[in-house]
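Please read the structure below before turning to the comments.
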Amino acid sequence: MSDYRERQENEIFTKVLKAGRRTYFFDVRETKAGDYYLTITESKKNFGENGEATFEKHKIYLYKEDFKNFMELFQESTEFIISEKGEDVISEKHDKDFKTRTFTIESDEEV
């Protein structure tokens with residue numbers, strides 16, 4: 001079985017968050033033993049000097065035994081950032097295209 005086909009077959013659930021040039025994929029996958037784990041992938045679209053688009057990807061694997069601690073530290077970290085810097089986006093001052101970017105969450109669910 002090809003690696004691509006195996007990846008598709010063990011994918012159980014997917015959510016996508018588009019945020020400007022970045023896209024985040026939240027994929028629930030199944031292990032060979034039948035358990036589930038989460039992969040979070042950040043994909044960032046870049047353009048070379050020739051105008052050709054490339055994608056830089058970063059992925060983390062998160063297993064059930066780490067969910068609680070991960071969520072607690074994620075919550076603590078995000079609350080710290082909001083309390084220290086507020087919810088205003090500072091990068092707006094530095095990114096000429098910021099106001100034209102859209103942020104959407106895609107879902108496979110019907111509304």
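Read the figures in this text as sums done on the coordinates, not as results from a lab. Quick caveat: nothing in here was measured; it's all calculated off a predicted structure. Methodologically, a virtual Cβ is constructed for each residue, glycine included, from the backbone with ideal geometry; neighbour enumeration extends over all protein chains shown.
Count Lys and Arg as plus one, Asp and Glu as minus one, and take only other residues whose Cβ is under 9 Å from that of Ile40; the net charge is then -1.
Using the Cβ atoms and a cut-off under 14 Å, what net charge is assigned to the surroundings of Glu79, where Lys and Arg are +1 and Asp and Glu are -1? Write down the numbers at each step before the final one.
Working: positive: Lys85; negative: Glu72, Glu76, Glu84, Glu87.
It works out to a net charge of -3.
Multiplying the residue separation of Ser43 and Glu11 by 0.36 nm and subtracting their alpha-carbon distance yields 9.7 nm. Between Glu87 and Arg21, what length in nm is gained on full extension when 0.36 nm per residue of separation is reduced by their alpha carbon distance? 21.8 nm is the gain from fully extending Glu87 to Arg21. All other residues whose Cβ lies under 10 angstrom from that of Lys59 are scored, Lys and Arg at +1 and Asp and Glu at -1, for a net of -1.
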